[in-house]
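First comes the structure, then the notes that go with it.
The values are calculated or read from the model by the stated rules, or taken from the named source; none is laboratory data. Just so we're clear, the structure is a prediction, and the values are computed from it rather than from any experiment. Glycine also receives a Cβ, built like all others from the backbone with ideal geometry; neighbour counts cover every protein chain displayed. Just so you know, the surface numbers come from the protein's heavy atoms only, side chains and all, with ligands and any DNA or RNA stripped out. Shrake-Rupley method; radii C 1.70, N 1.55, O 1.52, S 1.80 Å.
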Amino acid sequence: MPFKLNDFQNHINNHLNFLRESKLLIAISGGLDSVLLTHLCHNLKLNISLAHCNFNLRGNESDADEDFVLQLAEDLELEVFIESFDTETFAEDHKLSTQMAARTLRYHWFEELAEQLHFDYVLTAHHADDNLETFLINLSRGTGLDGLTGIPEINGKIVRPLLSFSRETIESYAVQNNIKWREDSSNASTKYLRNKLRHDVIPVLKEMNSQLLQNFKQTQDHLQDSKLIIKDSIDKVLETVITKISEHEIHFSIQKIKELSNPKVYLYEILKEYHFTEWQDITDLLNAQTGKQVFSSSHGLLKNRGELILFRNTIEEHAEAIAISEEDKNIKTALGYLVFELTNQINASNNATIYVDKDLLKYPLTVRKWVKGDYFYPFGMENKKKLSKFFKDEKLSMLEKENIWLLCSHNEVVWIMNHRADNRFKITNNTQYILKISLQNEI
């Protein structure tokens, strides 16, 4: 059955009705799919503007695409935004493939436009054939369930209104209605996996089964249903294996994880959103020695006694020692802002605030990481104690110990920041100047 405007209109009314009252930005390349989406939305009188990326990858052809989009916008009396990118330089600088670099640049710019100009949604022209190609690409790369459930029709502010329609029906409609578009010459090349699937593999599959796209859609619906069941199961498991959640860490019980029917699979489902890839190494943590860690591009996982501790893996801005002069009133550190102020009143101290005798300090003070062999005199005690022994008594994890910073007066510890002050700098009856030192998230 040929594709008609009513088919698109009914799909919008039944599944994406919120688009009718929204301010929309259409990502348009000048190719068949995005040009047709523009015409369809314009015919339905949706509130649309256009956004075109010139990636400067095909010389004059790229510029001709830009000119075509500008002319289309003028013909339809639509607002249009154009951005030019040096894609090859960006790809080289960020060690990305050209295709991935273009994708990154494109979506980042769309997000900026949507935020700055208050667009409610960005529409892209992905269709059913694109969805099948993505499925086959992910299948060939050994993906998990997420990679097999396909391109989502709605993903945050990104909406794909043509996802239910095949390329064949879209092209047929464009031809029948004399809609012009630009052909990207690179789409004819089969050096890219997607193009090879499009030209050499999928036509054979369609020849073998004329209902391929419809059956594929049913399969994806089943996979989506299975994904929901798995999510419900993981949510219940998380209630039993998580022992602690803080601002920077999540603690998991190793014993509870080991009691699960398939710990490796559950670990994958629990941790996949944190960009880990070495799943056997993560499973091995369950029986590893305390202190063993595995890292992803964004997070780390630490074995600490009977727990796995998930934490964000960030590059510390202040890994080197920081010098603090007597005139400094606040200094930014890895733990927050260190604030110094003279006071006549002593309130109750806590982990984030101490009071010291200013005259006992020797400037410049320093903020530095602790090292093996450091010791201090715990507040309220006369005898010194090694920091390693203090950490053990406090039952600090390996991760917590790695994030310990010291405020020092020359070589003497004034404060284990966020933990304990040193007794040598305490306020006495002979104190003339009381210095309040506190850690604050902001100033």
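Couple of notes before you dig in:
- Counting protein heavy atoms only, region 182-272 has 54 percent of its accessible area on carbon and sulfur, 1.4 angstrom probe.
- Estimated FRET transfer efficiency (LYS272, ASN155; beta-carbon r; R0 22 Å; 0.05): 0.85
- Placing a label point 7 Å from the Cα of ARG141 along the Cα-to-Cβ direction, the residues of region 83-98 whose backbone N falls under 13 Å of that point are 97-98.
- Restriction of the trypsin sites (Lys or Arg not before Pro) in region 66-128 to DSSP coil positions whose beta-carbon has at most 16 other beta-carbons within 10 angstrom yields LYS95.
- Cα centroids of region 124-163 and region 3-58: 18 Å apart.
- For region 240-329: accessible area per residue (Å², 1.4 Å): 60
- Here region 1-139 exposes an accessible surface that is 46 percent carbon and sulfur, computed with a 1.4 Å probe and the other protein chains kept in place.
- Placing a pseudo-label 7 Å from each Cα along the Cα-to-Cβ vector at HIS199 and GLN9 gives an inter-label distance of 3.9 nm.
- The GluC sites (Glu not before Pro) of region 211-250 that meet both conditions, a loop assignment by DSSP and at most 16 other Cβ atoms within 10 Å of the site Cβ, are GLU247.
- Approximating the spin labels as points 7 Å out from Cα along Cα→Cβ, the GLU115-to-GLN211 distance works out to 4.7 nm.
- 13 Å beta-carbon shell around LEU285, net charge (K/R +1, D/E -1): +1
- Measuring between alpha carbons in the structure, the pairs from LYS332/LYS436; LYS332/LYS369; LYS217/LYS264 lying more than 23 angstrom apart are LYS217/LYS264.
- Percent carbon-and-sulfur accessible area, region 286-443, ignoring ligands, DNA and RNA, probe 1.4 Å: 45
- Our helix-only sum for the chain, with -39,500 (n - 2.57) per DSSP H run of n ≥ 4 divided by its residues, gives a mean residue ellipticity at 222 nm of -11000 deg cm²/dmol.
- Given (i) 1.07; (ii) 1.11; (iii) 0.99, the label whose value is Rg/Rh (Cα atoms, Kirkwood Rh) derived from this model: (ii)
- At most 12 other Cβ within 10 Å, DSSP loop - GluC sites (Glu not before Pro), region 326-388: GLU326, GLU327, GLU382
- Under the convention that each Lys and Arg Cβ holds +1 and each Asp and Glu Cβ holds -1, the size of the dipole of the chain around its Cα centre is about 2200 debye.
- In this structure, ASN411 and LEU342 have a Cβ-Cβ separation that, at R0 = 22 Å, corresponds to a calculated FRET efficiency of about 0.35.
- Long pairs among LYS227/LYS303; LYS292/LYS401; LYS303/LYS392; LYS258/LYS303; LYS95/LYS191; LYS244/LYS303, criterion Cα-Cα beyond 18 Å: LYS227/LYS303; LYS95/LYS191
- Residue-normalised accessible area of region 123-177, expressed per residue, 1.4 Å probe, Å²: 42
- Accessible area per residue for region 332-443 is 57 Å², calculated with a 1.4 Å probe on protein heavy atoms, without ligands, DNA or RNA.
- Angle between the chain longest axis and helix 60-76 axis [Cα atoms, degrees, rounded to 10]: 80
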